[in-house]
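This report concerns only the one structure given below.
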Amino acid sequence: MAHEEVHDHDTPLEYRTETTRLNILGFWIFLGAEIALFSTLFATYMALMYRTGSGPSPTELFELKGVLIETFLLLTSSFTCGIAIHESRRQNRKGIFIWMIITLLLGAGFLVFEIKEFIEYVHEGATIGTSAYWSAFFTIVGTHGLHVTIGIFWIILILIQVARRGLTPQTSSKVFISSLYWHFLDVVWIFILTAVYLTGMVLR
Amino acid sequence: MFKRLRPFLALGLVLSVFFLGGCSNSYVIFDPKGPVAAQQKDLILYSIGLMAIILVVVYVLFTVILVKYRENRKDLSNYDPHNHGSKKLETIWTIIPIIIIIALAIPTVKVIYDLEKSTDTSSKPKAPLVINATAVDWKWIFSYPKQGIETVNYINIPKDRPVLFKLTSADSMSSFWVPQLGGQKYAMSGMETELYLQADELGTFEGRNSNFNGEGFTHQTFNVHSVSQADFDKWTADMKSKSPKLTKEQYDKLMLQGHVKKTMTFSSTHLKWVNHAHEADYAVKTRERLGVVPQNPHGSKAKDANKPESDSKGDS
Amino acid sequence: MKWDEFFVTGDPLIYGADVSIALTTVGILFYLTYFKKWKWLWTEWITTVDHKKLGIMYIAAAVLMMFRGGVDALLMRVQLATPDAKFLDSQHYNEIFTTHGTIMIIFMAMPFLIGLINVVIPLQIGARDVAFPYLNAVSFWTFFIGAMLFNISFVIGGSPSAGWTSYMPLAGNELSPGPGQNYYLLGLQIAGIGTLLTGINFLVTILKMRAPGMTLFRMPMFTWSALVTMVIIVFAFPILTIALALMTFDRLFGAHFFTLQGAGMDMLWANLFWLWGHPEVYIVILPAFGMFSEIISAFSRKTLFGYKAMVWAMVIIAAYSFMVWVHHFFTMGSGALVNSVFSITTMIIGIPTGIKIFNWLFTMYKGRISFTTPMLWSLGFIINFVIGGVTGVMLAMAAADYQYHNTYFLIAHFHYVLIGGTVYACFAGLIYWYPKMFGHRLNERIGKWVFWLFNIGFNVCFFPQFLLGFDGMPRRVYTYSAASGWGPLNMVSTIGGFVMGLAFLLFVYCLYYSFRYAKREVAGDPWGVGRTLEWATTSTVPPHYNFAVIPTVTGLDPVETFRNQKIDTKPKLADLKPIHMPDYSGVPFVMAVFFFIAGFGLVFEWYWMGIVGLIGVFITMIIRSFDRNEGFYVGLEEIKETERINE
């Protein structure tokens, strides 16, 4: 456990200790595993795309409006999250709080619309047990939603730590890592938008 | 030193004897009764031959190196701790395996393509006899759509004529296999797979499900009787006139898990009302309708009920 | 659920197991209490984050699982020894081969290798621990608790019986009712989390924590094999996670991924399973390759032949491991083109594997080969693995595979690869690095007996199974008729199985005997032939910090260089500095206990219990996040004492 500290002021805080550098690399690799995880879900979804059985088809239920709002909220949150990291690089604690809280609110807004969407589908007779297609739909979109939920709670915990301990290499690396996670969820959402919603509406 | 190596040598000897023994005609896949199995046998023997060469090369090299470079040899002058590679040697043992694999891949691909086609390759091929084979836990139901008869756990096929099996399953994933006639293929619910086989000799050949599917798996077997075309025609006519019609109720009972004690023959097929290739949940729904609830094998109810009907082979 | 369904009843074998489990538990509790070992157990082992101790615990658990899986195997062999035997009924037999397969792959082979990787890799690259020691403890405990969850199934609720492949729809609610299959899903899911974390952990460790001067192409071959394995783990295990989750949804929440109803697709499970399953095969064989490379090179007293070719061969194998999964079901009727393509990709894997075999042979060429037990296991590996390899190529020929598929030919093939490769490596590696863990070597005389018994027993057991395959004996049948003619070869096979069992017992005795009587080692390199950095530090390795001063590497085989150039690696007083190490923590263990609660609740579909468990897991994560975990310093006095440096 080497503790070589770097005191060069051009180096971002989170890259100044060995431990935090290792943490960041480890998290990148974790994201690699997450890519494999979501790829499997996408493959599953595509294999089951036309297997609606006796249940409704997605063309009947999908509505572009809600999905576009969700997309807008999440994309914007990714942008605000980026600003938060910019503030973190400037070691501006207040900036981090403002922009991260906006990010979380946008994320929560995304979740609200997603849950509303799910409830609507359930009312129209599409649940996880309706057909293979809907099992795959709820699982892939739900897994992403679960990730967002976990992300929100996680970032709240990190903000508490920043508030209590100030910006140290440890806390700023946590902020940085959680932002990587948040951007990753955004990228996954783009794929969901394309592979699930747009193909579900157009290609069928 | 040689004493230490003796077990290795003995092992090699035993292995080669086993391998040569393996090529004798006593084993079923080396005793084909039809063109498909014969083709596969030839491919297998060819590959065993090539592989035996690899084994011999590796084992001879292994033995020579072990003896020559053992620690307690007299002359240590050929010890060279810095010998760390040789472009020439490494190229050789990269290229030779590539050649061997090409030598294996070409006939393999050829046979793979051949097996997808009818076994009759003459210019005026005979139309294949079509048999729909349906696996249900733990029996095989065969329908002759053209002849309008249905059998359980046995089939008669005419010798020297290609038979096209259309495979499907009412529940678990099964594999249709008659080793002496040819390799297997899966039978899956909601799907139809096709397998061409043909018998060149008269006789009875054992067939089975070879893909594990639960408690009754071991005894999910059937017999294939290869008969002359004349006998086959007579048999179909007899069965058509003498056997009872298959009723829906009777068929639904066959959908329950279990074995049948005897083979059965009917003068009509179930294809009229259900083809499991298109209706994957038929068996499950039928069980539900008949009030059969799946039981935990360790539950109290399961201990006295729901056992497979018999543990004996259903023979004809 | 009634109590008579909760506890498995009605079988004398199970009652016997109940009694022996109860007695063992009471015995252990008594021992711990009477000798006042509870505190020792907690502070030294349960809370440890030290890679060496975690490695030892991995290996101990794996040996335990080898015993369990081995007993399963012998029960099967007894049932199959004679035609129409009545020793086990069908259901019981099915449960036993399911647990045998699952345990041997997931809870024996992998943890054994991960255990050796844990002990050896940080030493081999000259690191003080892994990148994330705390995560390493989480890995171990989730693996261990997953294994325990899976193992209790045979006394509580009933074991899974759909095979380790658990093909759908057989493994679904309709055809496999009861908690058995849930144990499989949850046990593997929890253990899988640990494996994925191990993958990330060692990837970072190997990439970032190597000793100064150790470039990628100066890494020992075992380290290379671990690196490649970890890459496979990171990309393959998420596939398993999803596949298991989807089947769990099918069974618990009525989803229709793989079911007969609702347009589910059973073939999808087979594809997902083998998309993970085939890389998994390489996860358990590549570290074995790495170990053999080390051992053969060391005991031939020669540098490895064709180092770069060996590395690239592994990289190619790893890449191809994701491109061959269809060969597990050529018989699914995917069409001639698909089968041809996957036939060829599978055969191509034979090329890098062949290169490795020849490189091992030529590592011995012009060497000075000494026949120690680790070397014997490595030589036995070459002999057996070549058979496994060539039969693998035979199986890769799809048209021929239609005849081999689901037969004992396949069984014999993969046992030649997995035992002949992985298990031989586990023995070889354990014996080779044993002094690094316990400070003494294992008795060579008994060790050689173990090897010969095992090697002969193994071949007697599995070679006849190739022939049974030729004779059309399907795998997973619980009995066969006398008329089939399979009796004699099965009897031979069973005898071989028991000889292997005997070898295992003798090995356990060897552990005990050596613990009592073997000479204690103090030098770094008890074999006198070590080439890599783990032999540069003392045996046993200093607690905590591994190296008082991290050595500098100038090429391959650094310890060989130190030996030839008579460089003294003993640390100098002036170079010593206090060493920072991470704190021990009980949180990983507690987290694993909550995982167990969650898993157990979900197995029986008691959702309140599942939720309680998951909340507990999250709470432990939060506790960890808020923990400042500042670690501690190992002081100069302690280092001086450990390294026996006098002023």
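Using just the helices of the protein assembly as shown, give the 222 nm mean residue ellipticity in deg cm²/dmol: DSSP H runs with n ≥ 4 each add -39,500 (n - 2.57), and the total is spread over all residues, rounded to 500.
-20000 deg cm²/dmol
Residue by residue along C:329-337, Cβ atoms of other protein chains within 10 Å of the local Cβ number 6 on average.
The amide H of B:Arg70, built 1.01 Å from its N in the peptide plane, has C:Ile369 as neighbours under 5 Å, considering only residues 5 or more places off or on other chains. Using a Cα-Cα cut-off of under 20 Å, which aspartates and glutamates could be cross-linked to B:Lys248, ignoring same-chain neighbours fewer than 8 residues away? Filter leaves B:Asp137, B:Glu150, B:Asp171, B:Glu279, B:Asp281, B:Glu288.
Candidate cross-link partners of C:Lys308 among the aspartates and glutamates, defined by an alpha-carbon separation under 18 Å and a same-chain spacing of 8 or more, comprise B:Glu90, C:Glu294, C:Asp557.
Just counting partner chain Cβ atoms within 10 Å, what average do the residues of peptide C:247-257 show around their Cβ? Please report the intermediate quantities before stating the final value.
Details: counts 0, 0, 6, 4, 0, 0, 6, 5, 11, 14, 9.
The mean count of partner-chain Cβ atoms within 10 Å per residue comes to 5.
Overall form of the range C:234-279: oblate. Here a/c, set by the Cα gyration tensor axes a ≥ b ≥ c, is 1.5 or more, and a/b is not larger than b/c.
State which entries of C:Lys302/C:Lys436; C:Lys366/C:Lys519; C:Lys52/C:Lys356; C:Lys448/C:Lys566 exceed 27 angstrom in Cα-Cα distance in the structure shown.
Working: C:Lys302/C:Lys436 22 Å; C:Lys366/C:Lys519 32 Å; C:Lys52/C:Lys356 29 Å; C:Lys448/C:Lys566 33 Å.
In this structure, C:Lys366/C:Lys519; C:Lys52/C:Lys356; C:Lys448/C:Lys566 lie more than 27 Å apart at Cα.
Put a dot 7 Å past the Cα of C:Phe626, heading toward its Cβ, do the same for A:Leu64, and the two dots end up 4.8 nm apart. Of the peptides B:136-146, C:549-559, the ranking by mean beta-carbon count within 10 Å, highest at the top, reads B:136-146, C:549-559. Straight Cα distances below 19 angstrom link B:Lys117 to the lysines B:Lys33, B:Lys41, B:Lys126, B:Lys159, B:Lys166, B:Lys185, with same-chain residues fewer than 8 positions distant left out. Centroid-to-centroid, using Cα positions, the range C:215-284 and the range A:78-92 are 36 Å apart.
Placing a pseudo-label 7 Å from each Cα along the Cα-to-Cβ vector at C:Thr642 and B:Glu288 gives an inter-label distance of 6.4 nm.
What is the Å³ per residue value for the convex hull set by the Cα atoms of the range B:179-229? Display every interim value, and only then the final one.
Working: hull volume 5.0 nm³, N = 51.
For the range B:179-229, the hull spanned by Cα atoms encloses 97 Å³ per residue.
3J(HN,Hα) along the range C:196-208: 4, 5, 4, x, 4, 4, 6, 4, 5, 4, 5, 6, 10 Hz, from the Karplus curve 6.51 cos²θ - 1.76 cosθ + 1.60 with θ = phi - 60°, whole Hz, x for Gly and Pro.
Sorting B:211-223, A:10-22, C:318-330, B:68-80 by their mean Cβ neighbour count within 10 Å, with the most densely packed peptide first, gives B:211-223, C:318-330, A:10-22, B:68-80. Summarised in one figure, the compactness ratio Rg/Rh of the protein assembly as shown, Cα atoms and Kirkwood Rh, is 0.97. Quick one: net charge around A:Phe113, please, counting Lys, Arg +1 and Asp, Glu -1 for every other residue with C-beta under 14 Å from its C-beta. The answer is -3. Per-residue Karplus couplings for the range A:185-197, computed as 6.51 cos²θ - 1.76 cosθ + 1.60 with θ equal to phi - 60°, are listed in order as 4, 5, 5, 4, 4, 4, 5, 5, 4, 6, 6, 9, 6 Hz, Gly and Pro entered as x. For B:Val227, nonlocal amide neighbours, meaning residues 5 or more places apart or on other chains whose placed amide H falls under 5 Å from its own, are B:Ile157, B:Lys159.
Which order do the peptides B:41-50, C:34-43, C:173-182 come out in when sorted by mean C-beta neighbours inside 10 angstrom, highest first? Walk me through the numbers on the way to the answer.
Working: B:41-50: 17.7, C:34-43: 10.9, C:173-182: 22.8.
So the peptides B:41-50, C:34-43, C:173-182, ranked by packing, come out C:173-182, B:41-50, C:34-43.
Against the compact-protein benchmark of 2.2 N^0.38 Å, the Cα-based radius of gyration of chain A scales to 1.17. Look at the stretch B:171-178: the mean tally of other chain Cβ atoms within 10 Å of its residues' Cβ atoms is 6. Sort the range C:361-500 into rounded, prolate or oblate with this rule: let a ≥ b ≥ c be the square roots of the eigenvalues of the Cα gyration tensor; rounded if a/c is under 1.5, and if a/c is not under 1.5, prolate when a/b is larger than b/c, oblate otherwise. Note, shape of the range C:361-500 comes out prolate. Shape verdict for the range B:123-267, please, from the Cα gyration tensor: rounded (a/c under 1.5), prolate (a/b greater than b/c) or oblate. The shape class here is oblate. Separation of the range A:103-127 from the range C:1-57 is 46 Å, based on Cα centroids.
Coordinate-derived values only; no laboratory data. Just so we're clear, the structure is a prediction, and the values are computed from it rather than from any experiment. Note that we place each Cβ from the backbone using ideal geometry, even for glycine, and neighbour counts take in every protein chain shown.
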